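What follows is a single structure, written as structure tokens, with notes after it.
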Amino acid sequence: PDLDSGSDSGSSSSDNVTSDSTPTISIGSVSNGNTVTVTATKAGSTSVTCTFTATAQSSCDLGTLADGVWSITSKQTNSGIDSAASSALSLTIDTTRPTVSSFSSTTANGTYGVGTAINITATMSEAVADGASITVTLDTGDTVVLTKATSTTLTGTYTVGVGDTSSDLNVSSYVLTSAPADTAGNVMTSTTVPSGANNIAGAQAIA
């Protein structure tokens, strides 16, 4: 069994990670006239199957699969006799969109004046693809574009300007400049701002 290209979402065509919860599974090396059964199994979940007759058809759509890692196998049946099960395809279903888990800074606590560069970091809930960026608005009123630095972080630099004041620097809001997407292709939509210890002022003291 193999994940059909039409169901293969995300940044890679070979990682078998998809946001399609009803994926199409293609089967190779089938004999015309045989009944082909595709079975998806996952610990703690009910097995899901689909069947087709091998003629011009070589694939079928599985029913809804919950998020997680599924084992996909297939077998052929002819005149009531089943073949051995195929080797298993490990397929990951991921329908969850990424979010910002926290805002922080690698800049040390302290008071900073005009012209000082202060790091702003957004930590994501999961790995995101290249090209991701968001624009944050700080409590000084300044905006900073954060771009992908590692698989789970976006970073940018705020330079203190004339007239900027904050007794405890914090991120007030943000917008999706180039909406982050995870490896399964789920695109971020939330712009909820983390609070408390998950925002700069809650964990640090940058004035």
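Observations on the structure shown:
- Answer residue from segment 130-154, given it is surrounded by 14 or more Cβ atoms within 10 Å (Cβ to Cβ) and in contact with a Lys or Arg (Cβ under 8 Å, 6 or more places away or on another chain) and is nearest to Pro180 (Cα to Cα) among those: Ala132
- Looking across segment 113-130, the residues that are touching a residue at least 60 places away in the same chain (Cβ under 8 Å) and closer than 12 Å to Thr157 by Cβ come down to Ile118, Ile120.
- Taking the criterion of being under 19 Å from Val162 (Cβ atoms) and open to solvent by 50 Å² or more (accessible area, probe 1.4 Å), the residues of segment 99-126 that qualify are Thr111, Tyr112, Val114, Gly115, Ala117.
- Residues satisfying the stated conditions in segment 31-56, i.e. within 32 Å of the chain's Cα centre (by Cα) and open to solvent by 40 Å² or more (accessible area, probe 1.4 Å): Thr41, Lys42, Ala43, Gly44, Ser45, Thr46, Ser47, Thr49, Thr51
- Residues in segment 84-99 that are of a type in the set (S, T, N, Q) and in contact (Cβ under 8 Å) with a residue 40 or more places away in the chain: Ser86, Ser90, Thr92, Thr95, Thr96, Thr99.
- Near pairs, Cβ below 6 angstrom, 6+ apart or cross-chain, from segment 164-180 (under 16 Å from Thr116 (Cα atoms)) to any residue that is among the β-branched types (Val, Ile, Thr) and assigned to a loop (DSSP other than H, G, I, E, B): Asp164/Thr140; Ser166/Thr140
- Of all residues in segment 164-196, those satisfying the criterion of being in a loop (DSSP other than H, G, I, E, B), open to solvent by less than 70 Å² (accessible area, probe 1.4 Å) and out of contact with any strand residue (DSSP E or B) (no Cβ under 8 Å at 6 or more places or on another chain) are Asp164, Asn186.
- Scanning segment 1-48 for residues that are within 15 Å of Asp94 (Cα to Cα) and assigned to a helix (DSSP H, G or I) yields a count of 1.
The values are calculated or read from the model by the stated rules, or taken from the named source; none is laboratory data. Here the structure is a predicted model, which means the values were calculated and not measured. Don't worry about glycine lacking a Cβ; one is built from the backbone with ideal geometry, like all the others, and counts go over all protein chains shown. Note: areas computed on protein heavy atoms with side chains; ligands, DNA, RNA excluded. Shrake-Rupley method; radii C 1.70, N 1.55, O 1.52, S 1.80 Å.
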